[in-house]
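Asker: I'd like to ask some things about the structure below.
The values are calculated or read from the model by the stated rules, or taken from the named source; none is laboratory data. Computed from a predicted model, the values in this text were never measured in an experiment. Virtual Cβ from ideal backbone geometry, glycine too; neighbours counted across all protein chains shown. These area figures cover heavy atoms from the full protein model, side chains too; ligands, DNA and RNA do not enter into them. Shrake-Rupley method; radii C 1.70, N 1.55, O 1.52, S 1.80 Å.
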Amino acid sequence: YRDRYDVTLKFCERLARRWASFDRFGHPLEIGHSFQESALAEEMASARGAEPSERQIPLLAALLCCAPFDIALYDAYGNLHGIPALASLNETYCSSDLSCFLQPATDGEVAFGGKYPADFMVNPPAKSLAAWHLVGGLDPLSMDELTGDEPDDGHPVLLSDWIKQDGLDCLKIKLRGADSEWDHERLVKVGEIALSHGVQDLTADFNCTVHDPSYVIEILDKLARETPEVYERLLYIEQPFPYDLEKHQIDVREVSARKPLLMDESAHNWQLVRLGRSLGWNGVALKTCKTLTGALLSLCWAKAHGMHLMVQDLTNPMLAQLSHLTFAAYIDTLRGVETNGMQFYPDASSPEAAIHPDAYRRRDGKVDISTLDKTGFGYRVGEIARELPEPAVSLGLTA
């Protein structure tokens, strides 16, 4: 872990210098796309050496490092113009339409000329969103599963207690993908708890471990036969198959014929979304942690081609939660947004939660962002009592 942490930290410092010297002008979508196509690729290629901090960085890790800079650019642009960060994605502010970034699939009539991201987004954006709760594979479901080692921190441990406390209505169930009996039993157990508490929607995440579509099909068909009430509540299936889509080009049409099948780890960019659609995937899970620019372009391509959409979490804390929820508020998702920071480290965001309380807790099954300001991402940073360390890098102009 320490090696990975050091590599990503060092790469962030490299990117900070590169962003400060990047000479492209324009809208954040244009700058962000250009940066990823040129500077980010160059930094990935050159960040190699003998030391752990100089090892070649994987694409997903590089995007993770790039994402905060990319998001900050949209925030600054919105503040500059006195508008919300994502209200600039139209012809008034963008000098390039989507045909400059995207190419349609060969089997349709889609044309991106004269189209902008705003054409594929919700206007006005939502102020509150249904919140998805993550049911981990090791999470206890009943009293007899408790070991006595559970944390005594004032937060629920059992799923039923989480549902009651937060008014949950959407549950994401983590599965193994390599033990069909366990996976089926887990779906039934969680499903029965959901039914008994009036939870409406479920989803299953197989975590990229499945190699044969028949594995998923058999579980779904058994669920439909034996517990149809649980099957009916399955809103979609998430990323059962290996994330390296180009290497593992599996035809998944039989799965997506049963339930919407969403790409997650496979969807680094719109080109991979296009490849996924050709293999039978019919939905995409979007994440701001892989850059907002990349998420916006994947959104537009997927929406234009009739694919289902969700906005998924990476356990976003602090300010990352606010841009994550704001992005989801502009998207016509299957339902709401995944948000689980309040499960895994709720106290990490205490300073931000003092200003935006309902963005960091789930009330009646929802999160709320109505406390955000009207420009940029509306963070209200000046009111947040967040103590930050000294900057690792200081660049650019100073007053």
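Asker: Name the residue that is surrounded by the most Cβ atoms within 10 Å (Cβ to Cβ), counting only residues in the range 14-28 that are under 24 Å from the mean Cα position of the chain (by Cα) and within 11 Å of CYS66 (Cα to Cα).
Answerer: Ranking the qualifying residues of the range 14-28, first place goes to LEU15.
Asker: Could you check, for the range 360-369, whether at least one of its residues is buried (at least 23 other Cβ atoms within 10 Å of the Cβ) and either touching a His at 6+ places or on another chain (Cβ under 9 Å) or not β-branched (Val, Ile, Thr) (or both)?
Answerer: Looking through the range 360-369, at least one residue is buried (at least 23 other Cβ atoms within 10 Å of the Cβ) and either touching a His at 6+ places or on another chain (Cβ under 9 Å) or not β-branched (Val, Ile, Thr) (or both).
Asker: Name the single residue, out of those in the range 271-316 being over 30 Å from TYR345 (Cβ atoms), among the small types (Gly, Ala, Ser) and out of contact with any Pro (no Cβ under 8 Å at 6 or more places or on another chain), that is surrounded by the most Cβ atoms within 10 Å (Cβ to Cβ).
Answerer: Taking the candidates together, the pick is ALA302.
Asker: Is there a residue being out of contact with any Pro (no Cβ under 8 Å at 6 or more places or on another chain), open to solvent by less than 70 Å² (accessible area, probe 1.4 Å) and within 12 Å of LEU292 (Cβ to Cβ) anywhere in the range 86-109?
Answerer: Checking the range 86-109: not a single residue is out of contact with any Pro (no Cβ under 8 Å at 6 or more places or on another chain), open to solvent by less than 70 Å² (accessible area, probe 1.4 Å) and within 12 Å of LEU292 (Cβ to Cβ).
Asker: If you don't mind, there's one more thing I want to ask. Can you tell me which residue among TYR345, TYR330 is modelled with pLDDT under 95 and either within 19 Å of ALA67 (Cα to Cα) or of a type outside the set (S, T, N, Q) (or both)?
Answerer: Unique residue meeting the criteria: TYR345.
Asker: For the range 151-167, does any single residue satisfy the condition of being within 26 Å of the chain's Cα centre (by Cα) and surrounded by fewer than 13 Cβ atoms within 10 Å (Cβ to Cβ)?
Answerer: Looking for residues that are within 26 Å of the chain's Cα centre (by Cα) and surrounded by fewer than 13 Cβ atoms within 10 Å (Cβ to Cβ), one finds at least one in the range 151-167, hence yes.
Asker: Mind counting the residues in the range 317-341 that are open to solvent by 20 Å² or more (accessible area, probe 1.4 Å), within 26 Å of ALA204 (Cβ to Cβ) and in a helix (DSSP H, G or I)?
Answerer: Residues meeting the conditions: 1.
Asker: Now, a different point. Can you list residue pairs whose Cβ atoms sit under 6 Å apart, with the first residue in the range 353-377 being farther than 25 Å from ILE83 by Cβ and the second being of a type in the set (Phe, Trp, Tyr)? Count only pairs 6 or more apart in sequence or on different chains.
Answerer: ALA353/TYR360
Asker: If I go through the range 153-186 residue by residue, how many of them are within 12 Å of VAL199 (Cα to Cα), touching a helix residue (DSSP H, G or I) at 6+ places or on another chain (Cβ under 8 Å) and part of a loop (DSSP other than H, G, I, E, B)?
Answerer: Counting residues in the range 153-186 that are within 12 Å of VAL199 (Cα to Cα), touching a helix residue (DSSP H, G or I) at 6+ places or on another chain (Cβ under 8 Å) and part of a loop (DSSP other than H, G, I, E, B) gives 1.
Asker: Residues in the range 328-352 that are acidic (Asp, Glu) and without any contact (Cβ under 8 Å) to a residue 12 or more places away in the chain: how many?
Answerer: Number satisfying all stated conditions: 1.
Asker: Let me ask you something else. In the range 313-348, how many residues are over 29 Å from GLU150 (Cα atoms) and not basic (Lys, Arg)?
Answerer: Result for the range 313-348: 14.
Asker: What is the one condition in (1) open to solvent by less than 20 Å² (accessible area, probe 1.4 Å); (2) in contact with a strand residue (DSSP E or B) (Cβ under 8 Å, 6 or more places away or on another chain); (3) over 14 Å from TRP281 (Cα atoms) that GLN200 does not satisfy?
Answerer: So GLN200 meets the others, but not (1).
Asker: If you don't mind, there's one more thing I want to ask. Considering only residues that are out of contact with any Cys (no Cβ under 9 Å at 6 or more places or on another chain) and hydroxyl-bearing (Ser, Thr, Tyr), which ones fall in the range 220-266?
Answerer: Within the range 220-266, THR227, TYR231, TYR236, SER256 qualify.
Asker: Shifting gears a bit: Filter the range 231-270 down to residues that are open to solvent by 20 Å² or more (accessible area, probe 1.4 Å), aliphatic (A, V, I, L, M) and under 30 Å from LEU195 (Cα atoms) and give me whichever is nearest to the chain's Cα centre (by Cα).
Answerer: LEU235
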